[in-house]
Every structure is written in structure tokens, then in C-alpha cells.
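A.B. asks: My questions all concern the structure below.
All of the numbers you see were taken from the coordinates with simple rules; none came from a lab. Remember, it's a predicted structure, so these values are computed and weren't measured experimentally. No Cβ is skipped: glycine too gets one built from the backbone with ideal geometry, and neighbour counts run over all protein chains shown.
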2 protein chains.
Amino acid sequence: MTKQPMQSKFSFFETELMATLLEKAQEYQGKTHPNPLVAAAIYKDNTIISYGVHKKKGSHHAEVEAILSAKGETHGASLMVTLEPCTHTGATPPCVEAIINAGIKDVIYACDDPNEQVRKQGAQEILEAHGITVRSGLLAEDAINLNQAYMYAKRNKRPYIHLKAGMSLDGKIALASGESCYITNEASRKKVHEIRAGVDAIAIGMGTLVADNPKLTVRYNLLKDQQKAPKIIVIGQQFLDKEYEIFKSGYETILATSNESTIKNQFSDVWCIPDQENPGINWDYFLNKCYENDIYSVLIEGGRNLFSDVLTAGIVNQCSFFIAPKLFGQEDAISVVTLAPVHHLADVLSLTNIKSEQLDDNIYITGFCNE
Amino acid sequence: MTKQPMQSKFSFFETELMATLLEKAQEYQGKTHPNPLVAAAIYKDNTIISYGVHKKKGSHHAEVEAILSAKGETHGASLMVTLEPCTHTGATPPCVEAIINAGIKDVIYACDDPNEQVRKQGAQEILEAHGITVRSGLLAEDAINLNQAYMYAKRNKRPYIHLKAGMSLDGKIALASGESCYITNEASRKKVHEIRAGVDAIAIGMGTLVADNPKLTVRYNLLKDQQKAPKIIVIGQQFLDKEYEIFKSGYETILATSNESTIKNQFSDVWCIPDQENPGINWDYFLNKCYENDIYSVLIEGGRNLFSDVLTAGIVNQCSFFIAPKLFGQEDAISVVTLAPVHHLADVLSLTNIKSEQLDDNIYITGFCNE
């Protein structure tokens, strides 16, 4: 049998419209948390009737926005949306209900919603039971990438963990004296702030808090109007109460500690995380605690001990390194990580799907840990 | 006084022709050593009469090739050449004499020849004394880059030193066990062989010879017909006579040692280099020995001790790192360099004019040491 070329189940108009919707959704980056970015449109005979975008938690979902904006012109029309319509009552009633009531005749969505509430009964089943044609998968990969952390977190019930370090060519993050400001250049620092602006939380170890007293704010005006700042999580024991910079930003601060006697001090919250034999803190518990608190992505910013612990625990999804063209060469300078001995190169920790970019005289390298 | 825009002293035809000559010269890359790559042309009324390229030591210089190929049509013609014509008798008589005798009326060359024989009396002075118009500087930078090592070596009376290391993200070149094959990927290794094909010598420390027993040959068919293979220099004491791979390639091998009692064994040559208090071998003596032997560029390939010694001695011009996306993290793994302690980040060894390139999942970073 001769294989026929597969005909796309989506028209050029539909593909173009989905691309437009992904762009419209993207405009609300950082503002919809803990909800995903979603945009929708109502159209008939290749003519747009209305658009709708989800703007923030508690506001209308994109589908309802689009239906309301269509001013009654929804009967027999089509609806396109970047994410599977919700089927449950959350802060708002389910979107499938609104779609059915609006007399929509067919629905296209880009990708499934891994939210467990939605997964109990998928949108396709409900809509089709009401005689609505449903197609999905149009630009699905782009739609998944649009809400990378949300998708990852909802699927795995834990946040996406991104480790970031600024270091020398020989993998040193500080001199023996602790001096580390600034190994990397302005262009690298700006990119770090871009990454910070895209995560729900930034985590550092107690040692880094005490030694570096970092601000951990998002600078360069990268936080948009109404965008929530990332939470700051300090992980460790023996908190030494001082006037740390992290308390001056107004950002929510969390102390994650296994020291039950810890008092809250200036932190917004304290999470008591039970200890685990090796490598210390119970990371499953920590990840779950993040997820329960709607933290879908965490940027780990240092120091060596925390880097080493999370890599050893195997909970890191992505590592990003900003490499300055310097050679420290001091044996007592602080290395980016300390890991258990391995006896063969094949057993060394390797990153995959490497991407790199030169930032003036620094090199940015990002890669992913095997899961 | 209003500044007038400077009129270029070269026409479009002349600029195009020089670019063509630089390409023609480049074709003999690796074959003219210890002479530079040079090409020339004779032309009249914007019409090319003949070309000439220097093909190997002892053959005609490019200018003479062009004059001979012009079959008598040189009277009143112009001559263009990528390098200042020679003014001294070497393996061949001086080119300025041939140019004068051919009745050439004007000469354009790209850049001066730093060769001290030529510098005793420049070509311009001699040619102008014979009524020949001389212009220079056309695409000079490209012409200098064409013979980078030759230019550097002739100017500084020492070879250009290029350090190359393959390492992990955290700057490790081998496990504690010494295992280092292969940290980097195939694409990186191919680029290493390209670099090898372009140098006059490859140097390693005695420790690397014994531990890794490398071939150090130029593979991937990168050595062209008639191209001389790089010499292999082993630096160190206490040579342990064994059937090393370097002796199997037919490449010239040199032992550079301060151990006067060393016997030649299988080496093609032994250089006795006096010791120096710190950092060991007398590097000035070594560099001079290379220069005397027409070695204008040396690629230092390892190991850590040699890297550290040459960096500490301040004799390195360029460093290239091939970084694999791996994290060793073992404190006992072998770091790329060990340098003296510094107390401030400002005092750390920094590279400049960084260039980088992603080679599959490896990153190639090259930079220059301040001089």
C-alpha cells in the first residue's frame, strides 16, 4: 500500500490564529500565577469575532472572556483556545459549561491541561457528548512551553528546579576569602534577573545568606505591573538574626529548616522540613511543600553546599552556568559543586540538550538533567 | 578647517585583487613553512597579466613567480603582493631586484614583513629609489592574520603559545584515577586536530606522556599533501624509555629537559634547557630554542603541571577550552590549572577577546592573555 502524505487536520487560518493566541497569552507572563497563561478566540467563516485572555487568578478564564466579548455572536461559531478548557469549578465555573451554553459548534485547543481537577474528566468527552466537534494538538509543543513550569509542576506534583551559578572557566564560584562579587559581567547579571523574573521562588543556602547577604530581587525593571515577585526561600539551620537585604525588598521570605525550635524572626513563613539521613534535608518533603504553596518553579542560586545537595538528591531539572573568562587555579577557591567520587567518566553527572550563548565576554550554558 | 573625508588610496579593482591574492596564498597553508604564505599578481589597465604564489621553502617567491608567468609583459605594469617584497638574499635572491629588473612601475603590498633581514632595509625605500611608486596597507589586517604565527614570531623572536584543554564544566581534565578519554566529544576532537594542523609544534609534559601515552598526530586527513607534520615536544625530566605512541607516527620528536644526562633514546632531538628557580624550566631559553628551530607556534596540550607552569611564567598568548557538559565535583579530580593564591578577584588571570562556539553538546571558548 502506498503511504499517502498525511493531511494536516488544521487549516492555515487555524494555525495562524493559534500562533496569535499564544502571543496574546504570553503578554500576561508572570501575572496569572498560579494559573497558566491562556488565550482564546471565537470565529466563524475564517473571521474573528472576539478574543479573550486570562489576566489573573479569579478573573474570567480566556474562553469565558472571548464568549462575553462576542456579544451574542457565538451561536454556531468556533472556539479556539491555547489550553484544554477546564471541566471543574474552581475560582470560576467550568469553561466547558460556558462553551456548551454559548452554542459553540466546534472547539480547537493546543494541549491538554495536566491539572488533576481537569484530568478527572477531560473536556473532549464532555464537549463531544453535547455534539461539539473537538480537535487538539495544534502547536501543542509551543503551548506546553508557554506554561513550562505549570505543566511540569501539575504533571509531577512538584516544582521545576533550575540551578544557576556564575563561575570561572575552572568552575570556581568564589575565592577562598569568599569574595565572589562580581565574577560574571553585566550582561550575565541581566540574564540572571530575566530568569528570576520567570520563577515562583529563588532559593539559597543559609551559608550564602550569611556570607553574601544578597538582595535576590528582580532588577532592570523586569517585573511587570501587577507581576508577583518571586518568593525567597532560605534553606538551612541555625539562623543568625541580622538585618539581611532579603528582608528589605518586601518580597515574601520563607525559612525552610529542620530545626524545629526556629522562631519566625523576620521571615514571612517558616517551613519545618524533616531531616533525612543523606543528603540531609528531606527533599521530597521540601518539593511537596513548594507545590502545596503554588510554587511551580524554583531557581537555586547557591552556594556550593546547596548546589551539591540538590544535585546529589537528583531533584534538579535544569542547570545554567554563567562562565567568566577567568582562571582561578587556587585549590582553596570554592568550587561550584562537590559530589561523591565516581570511578569512571561514564558515571559523571552529564547535562543534555545543551544550549549556549555568548554574553559579551561571558558564556551562558544551560542544560538539562536526565530524569 | 573642515575635515575632508579621506579618499581611499586604493581602487575597487585593487581591493578586490588583494582579496583574491589572500585567498590564493591561503591555499598553501602549512606548506611554505618556515616561510610565510604569499601571493602576487602583475596587472595593467585593470587587467590581470599573471599570478604567482609561494609554494614552499626554496621555491620562487610569489613576486618572482608572477614575473616569470607574465612572459615578458611586465614593462610598465603594476605588481601587487600580500607581503612586503624581500630585500635580502636568502634561499633565493631578493625580490626587489627582480621587480626593478622587470620594469614594474608601481607596487602595492598589504603589510610589512617583520623578518629582521627585511627590516634592515625596507622594500619601499629601495623601490622608490628606482622610481617605482609604492603603496602599502591594503587589507593589512587580513594579510597579518594570514600569517599570524610567522608575524608574531618574527616580531617577538619567540613562538606564539596556544594552550588547549578539554575539560568538564567544573574545570576538571581527568578523574583522580587519571581517566580522561574522552571528556569531550567528537566535534571538539575534530577541532583540536584542525588546530594541530595549523601549528609548528605540539608540546606536552612528561606526566601526560607517561599517563596518557597520546598519539598527538593530526587525524581526519587534515594534513595536506606535502604539509609538514607538527613536531612533538615533550617537556620534563626523568624520561622513562617505553614504546610511546608518539614514536610511531614518524613525526619529529623533541625532548626538552634540564636533565643534562638524558640520552636521546627514540627522540629525534634533545634540547637541554637550564633550570630556573621558579617556575622550574627556563622558559625564555625554551622559547628561544623553538624560534631558532623555526618553530613559530606551539600548541600546549597538557597536563595540569605544564598548563600551570606556562601560565605562571606568563608566556601563553591564547587559551582554548573545550568544555563538556559534565560536572565532576570530585575534590580529588584533576583541575585544569593550579595557580598561586590571589587575594582579590581583580588579580585573577583573565582572558580577553573571547570567542565561543557550540560544537554539538560541547562549548569551545578561546581567549587571549594580556601581553
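A.B. asks: When the Kirkwood radius is taken over all Cα pairs of the range B:221-371, what Stokes-Einstein diffusion coefficient follows at 10 °C and 1.306 mPa s, in µm²/s?
C.D. replies: This corresponds to a translational diffusion coefficient of 88 µm²/s.
A.B. asks: Can I ask one more? For A:CYS272, go 7 angstrom from Cα along the Cα-to-Cβ vector, then report the distances to that same point in the other copies in nm, smallest first.
C.D. replies: 7.8
A.B. asks: Within a Cβ distance under 15 Å of B:GLU116, other residues only, what is the Lys/Arg minus Asp/Glu net charge?
C.D. replies: Here the count lands on +1.
A.B. asks: Taking only DSSP H segments of four or more residues, each worth -39500 (n - 2.57), what value at 222 nm results for chain B once the sum is divided by all its residues, to the nearest 500 deg cm²/dmol?
C.D. replies: It lands at -7000 deg cm²/dmol.
A.B. asks: If you consider only alpha-carbon coordinates, what radius of gyration and Dmax does chain B have, in Å?
C.D. replies: Looking at chain B, its Cα Rg and Dmax stand at 23.6, 76 Å.
A.B. asks: Taking one equal scatterer on every alpha-carbon of the range B:123-277, how large is log10 of I(q)/I(0) by Debye at q = 0.08, 0.11, 0.21 1/Å?
C.D. replies: Each listed q corresponds, in turn, to -0.35, -0.60, -1.49.
A.B. asks: Ok, one more. Checking the cross-link filter: which aspartates and glutamates have an alpha carbon closer than 13 Å to that of B:LYS56, excluding same-chain neighbours under 8 positions apart?
C.D. replies: B:GLU27, B:GLU65, B:ASP225
A.B. asks: Cα centroids of the range B:333-354 and the range A:237-313: how far apart, whole angstrom?
C.D. replies: What the calculation gives is 33 Å, centre to centre.
A.B. asks: Would you compute, for the Cα atoms of the range B:210-268, the largest minus smallest coordinate along each principal axis and list the three values in descending order, in whole Å?
C.D. replies: Answer, in whole Å and largest first: 38, 21, 15 Å.
A.B. asks: In whole Å, what three semi-axes, largest first, describe the equivalent ellipsoid of the range A:1-135 built from its Cα gyration tensor (square root of 5 times each eigenvalue)?
C.D. replies: 23, 17, 17
A.B. asks: Return the chain A residue and its Cβ-to-axis distance, rounded to the nearest Å, for the rotation relating A to B.
C.D. replies: Residue of A nearest the axis onto B, distance in Å: A:GLY171, 2.
A.B. asks: After finding the eigenvalues of the alpha carbon gyration tensor for the range B:162-229, what semi-axes result from the square roots of 5 times each, listed largest first in whole Å?
C.D. replies: Semi-axes, largest first: 23, 14, 10 Å.
A.B. asks: Compute the projected area of the convex hull of the Cα atoms of the range A:85-150, averaged over all viewing directions, and report it in nm² to one decimal place.
C.D. replies: If you wrap the Cα atoms of the range A:85-150 in a convex hull and average its projections, you get 4.5 nm².
A.B. asks: Who wins for biggest fluctuation among B:LEU299, B:LEU209, B:LEU37 in a Gaussian network model of chain B, springs between alpha carbons below 10 Å?
C.D. replies: B:LEU209
A.B. asks: Here's a follow-up. At 7 Å along Cα-to-Cβ for each site, give me the label-to-label distance between B:GLU243 and A:LYS242 in nm.
C.D. replies: Going by the 7 Å Cα→Cβ label model, 6.4 nm.
A.B. asks: Report the local net charge at B:LEU127: Lys and Arg +1, Asp and Glu -1, summed over other residues whose C-beta lies under 13 Å from its C-beta.
C.D. replies: -4
A.B. asks: Now a separate question. In terms of Cα to Cα distance under 18 Å, which lysines are near enough to B:LYS105, apart from those fewer than 8 places away along the same chain?
C.D. replies: Cross-link targets: B:LYS9, B:LYS44, B:LYS71.
A.B. asks: I'd like to know how the range B:8-85 sits against the 2.2 N^0.38 Å rule of thumb: what's its Cα Rg over that expected value?
C.D. replies: After normalising by residue count via 2.2 N^0.38 Å, the value is 1.06.
A.B. asks: Let me ask something else. What is the helix-to-structure angle for A:186-197, meaning the angle in degrees between its Cα long axis and the longest Cα principal axis of chain A, kept from 0 to 90 and rounded to the nearest 10?
C.D. replies: The angle comes out at about 50 degrees.
A.B. asks: Direction-averaged shadow area of the convex hull around the Cα atoms of the range B:122-162, nm²?
C.D. replies: 3.7 nm²
A.B. asks: In addition: Find out how many positive minus negative residues lie around A:LEU223, taking Lys and Arg as positive, Asp and Glu as negative, among other residues whose Cβ is under 12 Å from that of A:LEU223.
C.D. replies: Result for the local shell: +3.
A.B. asks: To the nearest µm²/s, what D does Stokes-Einstein give for the range A:326-371 at 25 °C and 0.890 mPa s, using the Kirkwood radius over alpha carbon pairs as Rh?
C.D. replies: 182 µm²/s
A.B. asks: Where a Cα-Cα gap under 21 Å defines reach, which lysines qualify for B:LYS215, not counting those fewer than 8 residues away within the same chain?
C.D. replies: B:LYS164, B:LYS190, B:LYS191, B:LYS224, B:LYS228, B:LYS231, B:LYS242, B:LYS248, B:LYS264
A.B. asks: If you don't mind, another one. Of the candidates B:PHE267, B:PHE13, B:PHE286, which one comes out as most mobile in a Gaussian network treatment of chain B with C-alpha springs shorter than 10 Å?
C.D. replies: Its mean-square fluctuation being the largest, the pick is B:PHE13.
A.B. asks: Okay, moving on. Please report, for A:SER11, the nm distances (one decimal) from its label point, 7 Å out from Cα along the beta-carbon direction, to the equivalent points in the remaining copies, shortest first.
C.D. replies: 6.2
A.B. asks: Could you calculate, for the range A:193-304, the ratio of the Cα radius of gyration to the Kirkwood radius, expressed as Rg to Rh?
C.D. replies: Looking at the range A:193-304, the ratio lands at 0.95.
A.B. asks: Within 10 Å of each residue's Cβ, count the other Cβ atoms and sort B:ASP284, B:ASP112 from fewest upward.
C.D. replies: B:ASP284, B:ASP112
A.B. asks: Something else now. Which percent of Cα-Cα pairs in the range A:65-215 sits in each 5 Å bin, short to long?
C.D. replies: Calculated P(r), rounded to whole percents: 2, 8, 13, 15, 13, 9, 8, 7, 7, 6, 6, 4, 2, 1, 0.
A.B. asks: Once each part is reduced to its C-alpha centroid, what is the distance from the range A:39-113 to the range B:27-94 in angstrom?
C.D. replies: For the range A:39-113 versus the range B:27-94, the Cα centre distance is 76 Å.
A.B. asks: Based only on Cα atoms, what mean projected area does the convex hull of the protein assembly as shown have, in nm²?
C.D. replies: Spelled out: convex hull of the Cα atoms, projected over all directions, averaged, 47.5 nm².
A.B. asks: Let me ask another. Across 5 Å bins from 0, what is the distribution of all Cα-Cα pair distances for the range B:151-200, in whole percents?
C.D. replies: 5, 16, 20, 18, 15, 11, 9, 5, 1
A.B. asks: How much of the DSSP bridge set in chain A is antiparallel, in percent, rounded to the nearest 5?
C.D. replies: DSSP beta bridges in chain A are roughly 40 percent antiparallel.
A.B. asks: Further question: How many nanometers, to one decimal and shortest first, lie between the label point of A:ASN288 and those of its other copies, if labels sit 7 Å from Cα toward Cβ?
C.D. replies: Spacings between copies for this position, smallest first, are 7.4 nm.
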